[in-house]
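Worksheet: one structure, shown below.
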Amino acid sequence: MGNNRVRSAIRTWAVEMVPNEGLARRLAVLAVVQAFGFGVFLTSSAIFFTQTIGLSATEVGIGLSVANVFGLLFAVPIGKLADRYGARHLLLGTYLALAVLFACYSLVGGFISFVVLTSLISIGETSSNPLRMTLTRASFPQEEQVRVGSQMRSLFNVGFMVGAMIAGAALTVGNRPAFYGVIAFTAAAQAFCAVITWRLNSPPHVRVRQDGPVKSRSGLRDVRFVGLALLCGVLELFQPILIVGLPLWIITSTGAPAGINAVLLVVDTALVFLLQVALSRGAETPAGSARILRRSGVLLAVCCVIFALSQDTGASIAVPLLLVGTVALVLGEISHAVGAFGLSLHLPPPGRQGEYQGVFALGRGVQQTVGPFLVTTLAVGLGRPGWGVLAVMFLVAGLLTVPLTRSAERAIEARTPKSAPDAVV
């Protein structure tokens with residue numbers, strides 16, 4: 001009897017994990033291939049930039065920061081173009097451009113060319129996720145959108161992990177031909193993404209025409225939606241905690257062995273793969289998505305408290321605390337992804353999904369810009385008090401999402417003009 005229940009649960013999980021045949025499955029393959037290419041490149045690029053191209057660590061840091069700014073600046077304009085001409089066309093052009101641009105890394109010979117090329121790539125990378133989400137909303141009914149997004153994210157993690165493993169082999173070789181191999185691999189992955197996008201059987205793009213003289217405000221002036229994007233950016237500080245903060249915390253403030261960090265990353269990847277889709281229920285409405293984000297804030301605050309308790313402890317105490325804290329972090333991470341998917345898909349007014357996806361991406365961009373510095377300053381620099389500050393930030397951000405979402409729903413409904421579809425483009 002018990003074995004039958006286990007088999008039934010596994011079968012149900014497998015069915016939920018595998019996207020439905022057709023567009024959902026092709027979008028999942030698209031996410032895996034893109035993640036595979038990014039995993040190969042991002043895991044090895046910083047070392048190759050310094051050892052092969054000859055850039056200093058400071059030059060690499062400055063170049064990546066400048067590139068991140070350009071990615072943020074172009075997110076909303078590209079989203080507006082997607083609303084006008086269709087997300088699939090923009091996504092196809094983005095992948096084609098990324099394939100060419102990644103190949104051009106083999107021609108980089110100095111700091112200026114590195115900054116220019118990295119900035120162009122950042123624009124494409126920053127835009128690709130909002131464009132995919134815009135395509136998701138246009139292609140699936142509301143009750144399926146978050147599940148499809150969760151399937152893509154779960155499989156994205158798998159693709160990235162496999163790519164990172166391949167990058168490890170390239171780093172072991174560590175010479176210029178290995179770097180060129182990484183470049184070729186990444187460019188080929190983007191080209192394959194372009195082929196998949198070209199073959200997507202997505203619905204034809206329909207522009208929404210507003211009736212009457214009402215002129216829509218820019219999404220950047222939608223204070224409530226921008227506020228929600230920033231709150232989601234605060235909750236996404238789990239990323240620099242996992243990637244930057246915890247490794248430094250382990251070696252400077254606990255008695256745990258440094259190798260435990262690799263175990264924590266495996267735990268994170270495995271749990272996201274296993275639970276992302278299963279925990280996506282409840283985000284079919286803006287209100288449900290906000291409640292899930294509130295849960296994310298609570299879980300992330302709990303993980304900060306647990307990590308703080310590991311300070312100045314021996315391995316026998318620190319390791320279990322770090323493992324339990326990581327589980328809480330991953331559950332908060334999954335809840336954040338589900339809730340953010342829901343708000344970014346459900347709240348934008350008709351015909352402006354691309355623009356609003358670009359606005360929503362600004363929250364992640366701010367986190368990527370200031371997150372590593374903030375986490376290292378608070379958690380690693382201040383210890384337990386710093387972890388306490390992060391816990392309060394997570395808790396407050398999570399709690400604020402519910403009332404702000406209610407307000408955003410009312411405001412968008414009140415000012416959304418009647419609309420009618422134009423001719424199919």
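Rule-based calculations on the coordinates, nothing more; no lab input. Quantities reported herein were computed from a predicted structural model and do not represent experimental measurements. Please note: Cβ atoms are built from the backbone with ideal geometry, for glycine as well, and neighbour counts cover all protein chains shown.
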(request) Just check the range 257-406 against the gyration tensor rule for me: Cα atoms, a ≥ b ≥ c as the square roots of the eigenvalues, rounded for a/c under 1.5, and otherwise prolate or oblate depending on whether a/b exceeds b/c. (result) prolate
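For the range 219-413, what is the charge dipole size about the Cα centre, in debye to the nearest 20, if Lys and Arg each add +1 at the Cβ and Asp and Glu each add -1 at the Cβ? Don't jump to the answer; show the numbers that get you there.
Values: 11 positive and 9 negative charges, 71 e Å.
That gives the range 219-413 a dipole magnitude of about 340 debye.
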(request) For every helix of n ≥ 4 consecutive DSSP H residues, a contribution of -39,500 (n - 2.57) applies; sum these over the chain, divide by its total residues, and give [θ] at 222 nm rounded to the nearest 500 deg cm²/dmol. (result) -26500 deg cm²/dmol
(request) Taking H placed 1.01 Å from N in the peptide plane, check which residues at least 5 places from THR254 or on another chain put their amide H under 5 Å from its amide H. (result) ASP312
(message) For a quick check, take a GNM of the chain with Cα springs below 10 Å and name the residue from SER150, SER335, SER310 with the largest mean-square fluctuation.
(response) SER310
(request) In debye, nearest 20, what is the charge dipole magnitude of the chain about its Cα centre with +1 on Lys and Arg Cβ and -1 on Asp and Glu Cβ, if you could check? (result) 960 debye
(message) Under the rule a/c < 1.5 gives rounded, and otherwise a/b versus b/c splits prolate from oblate, where does the range 79-200 land using the Cα gyration tensor?
(response) oblate
(request) Decide, for the range 158-197, between rounded, prolate and oblate: order the square roots of the alpha carbon gyration tensor eigenvalues as a ≥ b ≥ c, take rounded if a/c falls under 1.5, and otherwise choose prolate if a/b is larger than b/c, else oblate. (result) oblate
(message) Let me check against my output: what whole-number percent is the relative contact order of the chain, with C-alpha pairs under 8 Å and at least 6 apart?
(response) 25 percent
(message) Order 105-115, 28-38 from most to least packed using the mean count of other Cβ atoms within 10 Å.
(response) 28-38, 105-115
(message) Can you list the DSSP H helices in the chain whose Cα atoms extend at least 20 Å along the helix axis and whose mean Kyte-Doolittle hydropathy is 0.5 or higher?
(response) 23-48, 57-85, 87-103, 111-139, 142-173, 176-198, 260-275, 286-309, 315-346, 384-415
(message) So if I place +1 on the C-beta of Lys and Arg and -1 on the C-beta of Asp and Glu, and nothing else carries charge, what would the dipole magnitude of the range 18-200 be about its Cα centre? I want it in debye, nearest 20.
(response) 320 debye
(request) Take the alpha carbon atoms of the range 19-113, find their radius of gyration, then divide it by 2.2 N^0.38 Å using N residues; give the quotient. (result) 1.31
(request) Give me the number: length gained by fully extending VAL389 to LEU171, i.e. 0.36 nm times residue separation minus the C-alpha to C-alpha distance, one decimal in nm. (result) 74.8 nm
(message) Using all alpha carbons of the chain, what is the percent of pairwise distances in each 10 Å bin, ordered from the shortest bin to the longest?
(response) 5, 20, 31, 28, 13, 3, 0
